[in-house]
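The values are calculated or read from the model by the stated rules, or taken from the named source; none is laboratory data. Computed from a predicted model, the values in this text were never measured in an experiment. Cβ: placed from backbone, ideal geometry, glycine included. Neighbour counts: every protein chain shown. Heavy atoms of the whole protein, side chains included, go into the accessibility calculation; ligands, DNA and RNA do not. Shrake-Rupley method; radii C 1.70, N 1.55, O 1.52, S 1.80 Å.
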Amino acid sequence: LFPTGTEEEPLEGGLAFYEDVLSYLRERGIEPLVTLHHYEQPLYLANHYGGWYDRRVIALFLRFCEACFRRYGPLVKYWLTFNEVDSAFRHPWTTVGVCEDRFPEDQREEVIYQCVHNQMVASALATKILPQMVPGAQMGCMLTRTLTYPLDCNPKNQLLAQRDNRENYMYTDVQALGAYPSWQRRYWERHGIHVDMGLDDEAILAQY
């Protein structure tokens, strides 16, 4: 729809293609659930913006969302913002459009957390505009199925499994509960990680 991600208007050919797909599903009684961002960030944004590390990508993503809501609103009532939003650290290139080699090794964790935060804000803002543009539609979020089981009942293994799962659940804590858990903020503080947040970011997350 937006080949570089920076176009002012979407391509009609792309819009029509997906409209045909969604209409075909509807004709056959299939309820579509559409994921807006599924490992397909335009290469231009990865190369020229550093992917989701650049806050400007939020506005570009919302432009894309609005185009989808406007065209496909009559056909889709269930939406997801990001596919496997928790996978940013496992494969940052596909998830947040970041080529790790372009950043010093000691900065990569902070860079990816910044990408994650920008996606959280974008997700909240997309959730805000969806019901305005498509009354009755619903926005969801999803995680990779990476549940960790402890090896045995040893308290150390139990605690390690809980911590591992907690890290995964952090992403839905933010999207569903509207705030970063306190342990995550303590982690950032202990490790000297600075996540740049806009003045309204926390209110946006809390409300949407």
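Here is how the numbers come out for the structure above:
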{"read-out": "Candidates THR148, THR127, filtered to the one that is in a loop (DSSP other than H, G, I, E, B) and of a type in the set (S, T, N, Q)", "value": "THR148"}
{"read-out": "Residue count, segment 60-82 (criterion: hydroxyl-bearing (Ser, Thr, Tyr) and under 16 Å from PRO135 (Cα atoms))", "value": "2"}
{"read-out": "Criterion violated by PHE17 - all others in (1) in contact with a strand residue (DSSP E or B) (Cβ under 7 Å, 6 or more places away or on another chain); (2) part of a helix (DSSP H, G or I) satisfied", "value": "(1)"}
{"read-out": "Yes/no for TYR78 being in contact with a strand residue (DSSP E or B) (Cβ under 9 Å, 6 or more places away or on another chain), more than 24 Å from ASP200 (Cα to Cα) and open to solvent by 10 Å² or more (accessible area, probe 1.4 Å)", "value": "yes"}
{"read-out": "Hey, GLN119 polar (S, T, N, Q), farther than 17 Å from HIS38 by Cα and within 17 Å of the chain's Cα centre (by Cα) or not", "value": "no"}
{"read-out": "Evaluation of CYS115 against (1) open to solvent by 10 Å² or more (accessible area, probe 1.4 Å); (2) within 23 Å of THR146 (Cα to Cα) (one fails), failing number", "value": "(1)"}
{"read-out": "Residue match in segment 147-164 (condition: under 23 Å from TYR78 (Cα atoms), open to solvent by 70 Å² or more (accessible area, probe 1.4 Å) and hydroxyl-bearing (Ser, Thr, Tyr))", "value": "no"}
{"read-out": "Matching residues in segment 24-58 - criterion: being assigned to a helix (DSSP H, G or I) and over 13 Å from the mean Cα position of the chain (by Cα)", "value": "TYR24, LEU25, ARG26, GLU27, LEU43, TYR44, LEU45, ALA46, ASN47, HIS48, TYR49, ARG56"}
{"read-out": "Extreme residue, surrounded by the most Cβ atoms within 10 Å (Cβ to Cβ), among residues of segment 118-146 that are among the β-branched types (Val, Ile, Thr) and within 19 Å of ASP86 (Cα to Cα)", "value": "VAL121"}
{"read-out": "When residues of segment 193-206 are limited to those that are open to solvent by less than 90 Å² (accessible area, probe 1.4 Å) and either assigned to a helix (DSSP H, G or I) or without any contact (Cβ under 8 Å) to a residue 12 or more places away in the chain (or both), the one farthest from GLY178 (Cα to Cα)", "value": "ASP201"}
{"read-out": "Residue check for ASN157: of a type in the set (S, T, N, Q), at pLDDT 95 or above, over 15 Å from the mean Cα position of the chain (by Cα) and on the phi < 0 side of the Ramachandran plot", "value": "yes"}
{"read-out": "Residue in segment 81-96 that is open to solvent by 60 Å² or more (accessible area, probe 1.4 Å), of a type in the set (Lys, Arg) and at pLDDT below 95 present", "value": "yes"}
{"read-out": "Considering residues of segment 171-180 that are open to solvent by 40 Å² or more (accessible area, probe 1.4 Å) and assigned to a helix (DSSP H, G or I) only, the residue farthest from ILE129 (Cα to Cα)", "value": "ASP173"}
{"read-out": "Any hit, segment 186-201, residues being within 21 Å of PRO131 (Cα to Cα) and at pLDDT 95 or above", "value": "yes"}
{"read-out": "Given (1) open to solvent by 20 Å² or more (accessible area, probe 1.4 Å); (2) assigned to a helix (DSSP H, G or I); (3) under 25 Å from ALA206 (Cα atoms); (4) out of contact with any Lys or Arg (no Cβ under 8 Å at 6 or more places or on another chain), number of the condition TRP183 does not satisfy", "value": "(4)"}
